[in-house]
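First the structure, in the form of structure tokens, and then the observations on it.
Coordinate-derived values only; no laboratory data. Worth saying up front: this structure is predicted, and the values here are computed from it rather than measured. Cβ sites come from the backbone with ideal geometry, for glycine too, and all protein chains shown count toward neighbours.
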Amino acid sequence: MNVHLGSVFDEFVANLLKTGLYQSQSEVLREGLRLLKEREDLKQIRLAELRKEIAVGLAEAERGEFVDGEAVFGAIRKRSAQRKRARR
């Protein structure tokens, strides 16, 4: 496989090879792809967890187990204002 990386990445790979940490361009690219795969796998795990949490929230809402957002944010604003007054 031939890959054109562009001058910035060509120079980056060359510098990595000069350090002696990598023996070939392929080794550098495999390491980069391994890291990219780890990141993508982690994103998929986080997305699956988020979907589970959304499903839990929807089920709770359907059962009427939710709080009024306006009331919650109102209470937060009230506490924030009290803290600001207490600092003065």
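Overview of values
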{"item": "Length released on extending from residue 84 to residue 8, taking residue separation times 0.36 nm less the Cα-Cα span", "result": "22.4 nm"}
{"item": "Pair residue 16, residue 34: separation of 7 Å Cα→Cβ label points (nm)", "result": "1.1 nm"}
{"item": "Cα-based Rg / Dmax (Å) for the chain", "result": "25.5, 67"}
{"item": "Cα gyration tensor shape for region 16-58, rounded if a/c is under 1.5, else prolate or oblate", "result": "prolate"}
{"item": "FRET efficiency, residue 43 to residue 71 (Cβ-Cβ, R0 22 Å, nearest 0.05)", "result": "0.05"}
